[in-house]
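Heads up, the thing below is written out as structure tokens.
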Amino acid sequence: MQEFFSALLNPSFPFLRNALIAGVLSSILFGILGSVVTVRRIGSLAGAVSHAVLGGIGIALFLSATVIPFPPIAGAFIFALLSALVIGFVSLKAKQREDTVINAIWVIGMSLGLLFMAKTPGYADPSAWLFGNILLISNMDIILLSILDVIVIVLAWRFYAQIEASSFDSEFASTRGVPVNMIFLLLLGITAAAIVLLQTFIGIMMVIAMLTLPSGCASVFSRSLSGMMLSSCLFAAFFFVCVIANGWAFDLPVGAMTVIIAGFVFLGFSVYRAFGKKRIFN
């Protein structure tokens, strides 16, 4: 551990400091958005958007190699927004088909991505996008992440009452004049934007895990949505700091370690809640 802190202060290892900063900044998004995703029980929607992103990345890589330069992040953003809009529309207008559409977008997005990557000259490795590498984050990624953090914090603070009401009882909130549908679509849109940005350096699989596991841990003892958001941010930051430090010390893949540690902590809390008969916000 002492070697990690020495490397952290060493000017020769800026990527390590960037990884730690990115982990802490990401924790804000995972804490706030993940809490709402968990409370609203729309983790499968976030998972579908996350995997659909791979389709946009694959098409962008193929176009860049054969036709015109097309940034992968642009393809990911287009696919993420389209997927979020389709899922949101189906969820609001045809709930009985929601699961089918979610599963379809999930598998179609991944399959398209793998297909176009396989046909890209030189071949693009999908594992780089599935699992990512937080140690490769750039200064520009940190700036974009900071901007998105500010946007999410401001929106969560400004519309907290509406978000809380629509999350726990959407029908009652609607009768009270809360724009439930608009909040839902806005949540999907912001989550899609966060997924696109986060998957570029921590990978699709880790995004899905960190959107649900920290908030799942926080749900054991949180008594309000705001408390759950704060606790989730702290849990996510704790996971990132511990994993980056140990990953550096023992030369282990950061992404896989983060998911494993967060997963085991979540399972431990789940067992505790089962035997302690705890409920969310009781």
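The values are calculated or read from the model by the stated rules, or taken from the named source; none is laboratory data. Quick caveat: nothing in here was measured; it's all calculated off a predicted structure. We place every Cβ from the backbone using ideal geometry, glycine too, and count neighbours over all the protein chains shown.
Quick rundown of the values:
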{"quantity": "Answer residue from the stretch 76-122, given it is hydroxyl-bearing (Ser, Thr, Tyr) and more than 22 Å from VAL180 (Cβ to Cβ) and is modelled with the lowest pLDDT among those", "calculated": "THR100"}
{"quantity": "Selected residue (criterion: farthest from ARG223 (Cα to Cα)) from residues of the stretch 158-178 that are assigned to a loop (DSSP other than H, G, I, E, B) and modelled with pLDDT under 90", "calculated": "GLY177"}
{"quantity": "In the stretch 130-150, residue surrounded by the most Cβ atoms within 10 Å (Cβ to Cβ) [restricted to those that are in a helix (DSSP H, G or I) and polar (S, T, N, Q)]", "calculated": "SER146"}
{"quantity": "Hey, MET117 over 17 Å from the mean Cα position of the chain (by Cα) and within 29 Å of THR258 (Cα to Cα) or not", "calculated": "yes"}
{"quantity": "Boolean, SER12 is over 26 Å from LEU230 (Cα atoms) and among the hydroxyl-bearing types (Ser, Thr, Tyr)", "calculated": "yes"}
{"quantity": "Qualifying residues in the stretch 224-282 (those that are outside any helix (DSSP H, G or I) and among the basic types (Lys, Arg)) - the one modelled with the highest pLDDT", "calculated": "LYS277"}
{"quantity": "Flag for GLY263 being without any contact (Cβ under 8 Å) to a residue 24 or more places away in the chain and surrounded by fewer than 17 Cβ atoms within 10 Å (Cβ to Cβ)", "calculated": "no"}
{"quantity": "Count - residues of the stretch 232-265 that are among the acidic types (Asp, Glu) and closer than 25 Å to PHE221 by Cβ", "calculated": "0"}
{"quantity": "Tally of residues being in a helix (DSSP H, G or I) and surrounded by fewer than 18 Cβ atoms within 10 Å (Cβ to Cβ) across the stretch 105-129", "calculated": "9"}
